[in-house]
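A.B. asks: Structure in structure tokens, see below.
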Amino acid sequence: MTADRRIEEITDRLRERSAPTREPYLKRLRERGAEGPKRARLTCGNLAHGFAACGPTDKARLAGDATPNLGIITAYNDMLSAHQPFETYPEMIRQAAREMGATAQVAGGVPAMCDGVTQGQIGMEMSLFSRDVIAMSAAVGLSHDMFDAAVYLGVCDKIVPGLVIAALTFGHLPAIFVPAGPMTTGLPNDEKSRIRQLYAEGKVGRDKLLEAESASYHGPGTCTFYGTANSNQMLMEIMGLHTPGSSFINPGTPLRDALTKEAARRALSITAFGNEYTPAGLVVDERAVVNGVVGLHATGGSTNHTLHLVAMAAAAGIQLTWQDISDLSDVTPLLARVYPNGLADVNHFHAAGGMGFLIRELLDRGLLHEDVRTAWGTGLRGYAIEAKLAADGQTVKREAAPRESGDPKVLTTADKPFSENGGLRMLTGNMGHAVIKVSAVKPERRIVEAPAVIFNDQNEVKAAFDSGALDRDFVAVVRFQGPQSNGMPELHKLTPLLGVLQDRGHKVALVTDGRMSGASGKVPAAIHVTPEAKSGGAIARLRDGDMIRLDGEAGTLEILVDEAELSARETASPDLSGNSFGLGRELFEVFRRAVGPANEGASVF
């Protein structure tokens, strides 16, 4: 049992709130699981279509009902560095299955778009919605009802949350998530950030900027800063959906391949055919969700997960709230400093002890639920290890690194935290609710009281910066960026501009109903403002010059305008028709109409 009373209290609160939705979910899961594998009950015509392209041995196995069939859901494409390594995974997985006398088939592919490519571009307006498209795409693949377990090949921002939603929707199936790992270390992140700021100021040209970006993002694997993609990998491990020690092993290495085969073998070992049946919907319970949130805080993880974790939990009938996330931040120490919350990247984090060290420290401090069910078949203590390669090419699990971190500037112990809290918290006030990440913001920058400058488009900020109109204290209010307006794009390209102004000595902050991504940095940013402007939130009644107070320490976001005057104002209603067309945005109109608020996961489900 978890030793820390506060963690138990928050978990009990979550469990009690979720009972009306969790219990029906579990009932459906048990009923579906009790029916057993469906493949044997398909008609001959159905089954013949299902294995028509297989070789003779696989056909013979699929024609019977005595061996499991593993479904592969893949986010492979060769444009995106994080997903390019997945090209060779299906054959490795099929071979591992054949060696066990089983079979494996690619059940389907899902889209994988990159926020790095679409940052500041029109395509970013479909990024958040791609999460729910991914969930539906995976469901289409699994709907053939040919599978006894599934492995999910995905890494980046919306892909893993979408795959988790699918895995929990098919919660009667065992599930293991298989990462591709981070690219090797390139140009240091602080140097990349410096070049970006110089470019924003016009002090270097595009050639220097592209040179720096190419040196940062230079090969196969996940981007090495600690944004949403690497936060995803941390979550899958600490929530028990990876095999232990697999999150941050570089692509193209023997250990990476061995871990992929291990994941396939393990998935086939936990089907209903054997004695270790482990459905995904039982792995992800209230305790696992709390463990995930604690891990997010302890590592200074992505603000995007205040959306994704809520939506992921909901798929299992669990009603996680921003208040739960904020309260868990208050009791979780910050144990990792990885860019943008430090200078190191995830390779340095892994070398310093990585996930095994982190999990052990949090368990020993009583900040994680140890008695959880995991895909690996152990409690969470079984993840306090590091994975190594044995002489025979198989993986071995060794106890996590010694009590002293390999680099105390990157990864520290629970008794010597970088901060007593995780730095990701909810803001409340007369503007509604918002989220802020202060772990990378200097303490003296966390409280800003300044006049608002209103923008209805992020490109207007760049124009104002270039004209010199922002060379002063101000709060940039960038509104009509919520999910109903334009799909809630990340506004990460504003960071260099606002950073320049902050470095000049100005008090600067951002307030928006949009997102700022896992790379939220040194400028205080109240993001995900709910209610959003499009739904009539108070942010839509702001005017230039209104005083705004953002207090990242107290957790408040206030419009310092008389309430009667504020309520009497008309709601702004700019022309948003331009958000409806171009690069496929017209296909997502139904999403913009159906999407829920940010504090409920910004989901269409």
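The values are calculated or read from the model by the stated rules, or taken from the named source; none is laboratory data. Just so you know, these numbers come straight off a predicted model, no measurement behind them. Here Cβ is always computed from backbone atoms with ideal geometry, including for glycine, and neighbour counts include all displayed protein chains.
A.B. asks: One residue is enough: does region 326-334 have a residue meeting the conditions in the same structural domain as GLU286 (by TED's automatic domain parsing), surrounded by 24 or more Cβ atoms within 10 Å (Cβ to Cβ) and assigned to a loop (DSSP other than H, G, I, E, B)?
C.D. replies: yes
Residues are listed down the side, and each one gets a yes or a no for (1) in contact (Cβ under 8 Å) with a residue 40 or more places away in the chain; (2) more than 16 Å from THR332 (Cβ to Cβ); (3) out of contact with any Leu (no Cβ under 6 Å at 6 or more places or on another chain); (4) in the same structural domain as ALA352 (by TED's automatic domain parsing):
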| position | (1), (2), (3), (4) |
| --- | --- |
| THR413 | yes, no, yes, no |
| GLY432 | yes, yes, yes, no |
| LYS437 | yes, no, no, no |
| VAL448 | yes, yes, no, no |
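A.B. asks: On to the next question. Considering only residues that are among the aliphatic types (A, V, I, L, M), buried (at least 24 other Cβ atoms within 10 Å of the Cβ) and touching a Gly at 6+ places or on another chain (Cβ under 9 Å), which ones fall in region 336-355? Steps first, please.
C.D. replies: Kept after step one, since they are among the aliphatic types (A, V, I, L, M), are these residues of region 336-355: 336, 338, 343-344, 346, 351-352, 355.
If we keep only those that are buried (at least 24 other Cβ atoms within 10 Å of the Cβ) too, we end up with 336, 338, 344, 346, 355.
Across region 336-355, the qualifying residues are ALA336, VAL338, VAL346, MET355.
A.B. asks: Would you say ILE73 is buried (at least 16 other Cβ atoms within 10 Å of the Cβ), over 21 Å from ALA166 (Cα atoms), modelled with pLDDT of 95 or more and in the same structural domain as PRO279 (by TED's automatic domain parsing)? Quick ask: steps written out before the conclusion?
C.D. replies: Values: buried (at least 16 other Cβ atoms within 10 Å of the Cβ): yes; over 21 Å from ALA166 (Cα atoms): no; modelled with pLDDT of 95 or more: yes; in the same structural domain as PRO279 (by TED's automatic domain parsing): yes.
Spelling it out, it is not the case that ILE73 is buried (at least 16 other Cβ atoms within 10 Å of the Cβ), over 21 Å from ALA166 (Cα atoms), modelled with pLDDT of 95 or more and in the same structural domain as PRO279 (by TED's automatic domain parsing).
A.B. asks: Just give me the residues in region 1-57 being out of contact with any helix residue (DSSP H, G or I) (no Cβ under 8 Å at 6 or more places or on another chain), in contact (Cβ under 8 Å) with a residue 40 or more places away in the chain and of a type in the set (A, V, I, L, M), in sequence order.
C.D. replies: Of everything in region 1-57, just one residue is out of contact with any helix residue (DSSP H, G or I) (no Cβ under 8 Å at 6 or more places or on another chain), in contact (Cβ under 8 Å) with a residue 40 or more places away in the chain and of a type in the set (A, V, I, L, M), namely ALA3.
A.B. asks: Is it true that some residue in region 224-240 is over 21 Å from ALA344 (Cβ atoms) and assigned to a loop (DSSP other than H, G, I, E, B)?
C.D. replies: Checking region 224-240: at least one residue is over 21 Å from ALA344 (Cβ atoms) and assigned to a loop (DSSP other than H, G, I, E, B).
A.B. asks: Just need a number here: residues in region 491-514 that are farther than 28 Å from LYS203 by Cα and in contact with a Pro (Cβ under 7 Å, 6 or more places away or on another chain). Spell out the reasoning first.
C.D. replies: Our first condition is that a residue be farther than 28 Å from LYS203 by Cα; within region 491-514, this holds for 512-514.
Applying the additional criterion that residues be in contact with a Pro (Cβ under 7 Å, 6 or more places away or on another chain) yields 514.
Residues in region 491-514 being farther than 28 Å from LYS203 by Cα and in contact with a Pro (Cβ under 7 Å, 6 or more places away or on another chain): 1 in total.
A.B. asks: Among (1) among the basic types (Lys, Arg); (2) under 25 Å from the mean Cα position of the chain (by Cα); (3) within 17 Å of LEU427 (Cβ to Cβ), where does ARG549 come up short?
C.D. replies: With respect to (1) among the basic types (Lys, Arg); (2) under 25 Å from the mean Cα position of the chain (by Cα); (3) within 17 Å of LEU427 (Cβ to Cβ), ARG549 is out only on (2).
A.B. asks: A further question on this structure: Scan region 343-354 and give yes if some residue there is over 20 Å from the mean Cα position of the chain (by Cα), of a type in the set (A, V, I, L, M), in the same structural domain as LEU128 (by TED's automatic domain parsing) and assigned to a loop (DSSP other than H, G, I, E, B), otherwise no.
C.D. replies: yes
A.B. asks: Only one of these conditions is not met by GLU553: (1) within 22 Å of GLY116 (Cα to Cα); (2) touching a Lys or Arg at 6+ places or on another chain (Cβ under 9 Å). Which number is it?
C.D. replies: Of (1) within 22 Å of GLY116 (Cα to Cα); (2) touching a Lys or Arg at 6+ places or on another chain (Cβ under 9 Å), only one is false for GLU553: (1).
A.B. asks: Here's a follow-up. If you take just the strands (runs of 3 or more DSSP E) that sit entirely in region 510-605, which of them hold at least 3 residues that are aliphatic (A, V, I, L, M) and within 30 Å of GLY300 (Cβ to Cβ)?
C.D. replies: Working: elements: 525-530, 547-551, 556-559.
Here the list reads 525-530.
A.B. asks: Regarding ARG39, is this residue closer than 16 Å to ALA97 by Cβ and in contact with a Ser or Thr (Cβ under 6 Å, 6 or more places away or on another chain)?
C.D. replies: Working: closer than 16 Å to ALA97 by Cβ: yes; in contact with a Ser or Thr (Cβ under 6 Å, 6 or more places away or on another chain): no.
When the stated conditions are applied, ARG39 does not pass them.
A.B. asks: Name every residue in region 172-186 that is more than 13 Å from GLU237 (Cα to Cα) and outside any loop (DSSP other than H, G, I, E, B), in order of residue number. So that I can check it myself, show each step before the final result.
C.D. replies: The first filter runs over region 172-186 and keeps only residues more than 13 Å from GLU237 (Cα to Cα), leaving 172-174, 180, 182-186.
The one that is more than 13 Å from GLU237 (Cα to Cα) and outside any loop (DSSP other than H, G, I, E, B): PRO182.
A.B. asks: Name every residue in region 19-59 that is among the charged types (D, E, K, R) and touching an Asp or Glu at 6+ places or on another chain (Cβ under 8 Å), in order of residue number. Don't jump to the end; show me each part of the working.
C.D. replies: Taking region 19-59 first, the residues among the charged types (D, E, K, R) are 22-23, 27-28, 30-32, 35, 38-39, 41, 58-59.
Matches in region 19-59: ARG22, LYS38, ARG39.
A.B. asks: Checking VAL293 against (1) assigned to a loop (DSSP other than H, G, I, E, B); (2) free of Cβ contacts under 8 Å to residues at least 40 places away in the same chain, which single condition isn't satisfied?
C.D. replies: Unmet condition: (1).
A.B. asks: Further question on the same structure: Checking GLU191 against (1) part of a helix (DSSP H, G or I); (2) without any contact (Cβ under 8 Å) to a residue 12 or more places away in the chain, only one condition comes out false. Which one?
C.D. replies: Unmet for GLU191, out of (1) part of a helix (DSSP H, G or I); (2) without any contact (Cβ under 8 Å) to a residue 12 or more places away in the chain: (2).
A.B. asks: Restricting attention to region 271-323, and to residues there that are at pLDDT below 95, over 17 Å from the mean Cα position of the chain (by Cα) and not aromatic (Phe, Trp, Tyr), which single residue is surrounded by the most Cβ atoms within 10 Å (Cβ to Cβ)?
C.D. replies: ALA272
A.B. asks: Hey, does region 551-572 have a residue that's in contact with a strand residue (DSSP E or B) (Cβ under 9 Å, 6 or more places away or on another chain), acidic (Asp, Glu) and surrounded by 20 or more Cβ atoms within 10 Å (Cβ to Cβ)? Quick ask: steps written out before the conclusion?
C.D. replies: In the first step, residues of region 551-572 are kept if they are in contact with a strand residue (DSSP E or B) (Cβ under 9 Å, 6 or more places away or on another chain); the result is 551-561, 566, 572.
Adding the requirement that they be acidic (Asp, Glu) leaves 551, 553, 558.
Now restrict to residues that are surrounded by 20 or more Cβ atoms within 10 Å (Cβ to Cβ): none.
Scanning region 551-572 turns up no residue that is in contact with a strand residue (DSSP E or B) (Cβ under 9 Å, 6 or more places away or on another chain), acidic (Asp, Glu) and surrounded by 20 or more Cβ atoms within 10 Å (Cβ to Cβ).
A.B. asks: Out of everything in region 126-168 that is in a loop (DSSP other than H, G, I, E, B) and charged (D, E, K, R), what residue ends up being surrounded by the most Cβ atoms within 10 Å (Cβ to Cβ)? Walk me through how you get there before you give the answer.
C.D. replies: So the first thing to find is which residues in region 126-168 are in a loop (DSSP other than H, G, I, E, B), and the list is 143-148, 154-158.
So of that shortlist, the ones also charged (D, E, K, R) come out as 145, 148, 157-158.
Numbers: ASP145: 14, ASP148: 25, ASP157: 29, LYS158: 31.
By that ranking, first place goes to LYS158.
A.B. asks: List, please: which pairs have Cβ atoms under 6 Å, are six or more places apart or on different chains, and start with a residue in region 86-112 that is surrounded by fewer than 21 Cβ atoms within 10 Å (Cβ to Cβ) and end with one that is aromatic (Phe, Trp, Tyr)?
C.D. replies: GLU87/TYR76
A.B. asks: Could I ask something else about it? Where in region 1-69 are there helices (runs of 4 or more DSSP H), lying wholly inside it, with at least 2 residues that are at negative phi, charged (D, E, K, R) and modelled with pLDDT of 90 or more?
C.D. replies: Values: elements: 5-34, 44-51, 56-63.
So the answer is 5-34, 56-63.
A.B. asks: Let me ask you something else. I need a count of the residues in region 104-139 that are within 24 Å of ARG265 (Cα to Cα) and over 17 Å from the mean Cα position of the chain (by Cα).
C.D. replies: Residues in region 104-139 being within 24 Å of ARG265 (Cα to Cα) and over 17 Å from the mean Cα position of the chain (by Cα): 8 in total.
A.B. asks: Exactly one of (1) closer than 25 Å to GLN121 by Cβ; (2) at pLDDT 95 or above is unmet by GLN458. Its number?
C.D. replies: Result: GLN458 fails condition (2) only.
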